[in-house]
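To start, the structure itself, in structure tokens.
The values are calculated or read from the model by the stated rules, or taken from the named source; none is laboratory data. These numbers come from a predicted model, not from an experiment. When we count neighbours, we look across all protein chains shown, and the Cβ atoms used for this are built from the backbone with ideal geometry, even at glycine. Protein only, heavy atoms only, side chains kept; ligands, DNA and RNA dropped before computing areas. Shrake-Rupley method; radii C 1.70, N 1.55, O 1.52, S 1.80 Å.
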Amino acid sequence: MPSTALLVIDMQNSYLRQDVRDALGWPPIWRLPEVTDECQSLLSAARDLGVPVMYSRQTTTPAGHLAFNPRSARHLRARSPLVPNLPVAERKWRGQVMDAVAPQPGDIVLDKTRHSFFAYTELDPILRTLGVRRLIVAGLQTNVCVEATVRAALERNYEVAVAENAVSTDGPALHAASLNSMRVMYVEVAPWQELIEPTATWSRAYQTPDYGRDPTYWSDPTICALEEQQSDGDASTSSAGSASLGIGSTSESMQYSTMGSKPSPDA
């Protein structure tokens, strides 16, 4: 599978200790032991197939809070008195990849300071040099760094799959919602055992009608009736000719430009 690479996101020792996360108001990772085991098995299978493996490690910068977005910086400053003062060696250990899924010779490990593995790192040029077109994404956290990396990969025209049994986050609700958000973008979401096969077609997106969406919404009679009315209206508009379309387009543009604005005092 020379055109496929495995991205392992932020599987770091910091998730094994809950003290700092508690101080910051972050709950434990749901199913962390199971996800770690799945990542370990996925890594073994990838290496057997010669799939390149790229690890990300979340780290800070010398700029500290100045490098964060304002809201997260405020949160961290407010919580900082509650955070235990860790020795340098302990902080270094927490930033390393877990022993259970440790990098092997030939793997690539890149530090990142943003949610996306692509932001300000050399990941993209490395992948293109390797001729990679497909990415399998695993690790932590589903709705944060995993999803941010997936979205960035899609923007760069990679074909992307998420190993649903090898990712997790703060709870099952966030995990499931994030997977569905990615499904809507035609990301292949499946157990890693289906994704890593050399003959895997990654075709679920084209075989499931309501892919990633709530099927009860799309089958709701009221919604269907409204959509049918809209469709009839569109047909009537299109038969009116190009002149009418031009007028309608201008009116719509004016409506959007004034929507939500207050009338002027002279009106």
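Listing for the model above:
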| quantity | calculated |
| --- | --- |
| Amide H contacts under 5 Å for Asp111, placed H, 5+ residues apart | Arg57 |
| Kirkwood-based shape ratio for the stretch 60-121, expressed as Rg/Rh from alpha carbons | 1.02 |
| Gain upon complete extension [Glu194, Thr216; 0.36 nm per residue less C-alpha separation] | 5.2 nm |
| 3J(HN,Hα) from dihedral phi, the stretch 121-137, Karplus parametrisation 6.51/-1.76/1.60, rounded to Hz, x for glycine, proline | 10, 9, 4, 4, x, 5, 4, 5, 5, 7, x, 7, 10, 10, 10, 9, 10 |
| Amide proton proximity set for Ser168, modelled H, under 5 Å, gap of 5+ | Gly139, Thr142 |
| The stretch 39-47 - phi-based ³J(HN,Hα) in whole Hz, Karplus 6.51/-1.76/1.60, Gly and Pro as x | 4, 4, 5, 4, 4, 4, 5, 4, 5 |
| Protection proxy ranking, peptides 82-89, 143-150, 10-17, average beta carbon neighbours within 10 Å, highest first | 143-150, 10-17, 82-89 |
| Relative contact order, percent, the stretch 1-79 [alpha-carbon distance under 8 Å, six or more residues apart] | 48 percent |
| Kirkwood-based Rg to Rh ratio, the stretch 1-76, C-alpha trace | 1.08 |
| Protection proxy ranking, peptides 95-108, 189-202, average beta carbon neighbours within 10 Å, highest first | 189-202, 95-108 |
| Gain on full stretching of the segment that runs from Glu122 to Ala177 - 0.36 nm per residue minus C-alpha separation | 16.8 nm |
| For Glu34, solvent-accessible area (1.4 Å; no DNA, RNA or ligand), Å² | 90 Å² |
| Under the Karplus curve 6.51 cos²θ - 1.76 cosθ + 1.60, θ = phi - 60°, whole-Hz ³J(HN,Hα) for the stretch 159-175, x wherever Gly or Pro sits | 8, 10, 10, 10, 7, 5, 8, 10, 9, 6, 7, 5, x, x, 5, 4, 4 |
| R0 of 51 Å, Cβ-Cβ distance Leu110-Leu226: FRET efficiency to nearest 0.05 | 0.60 |
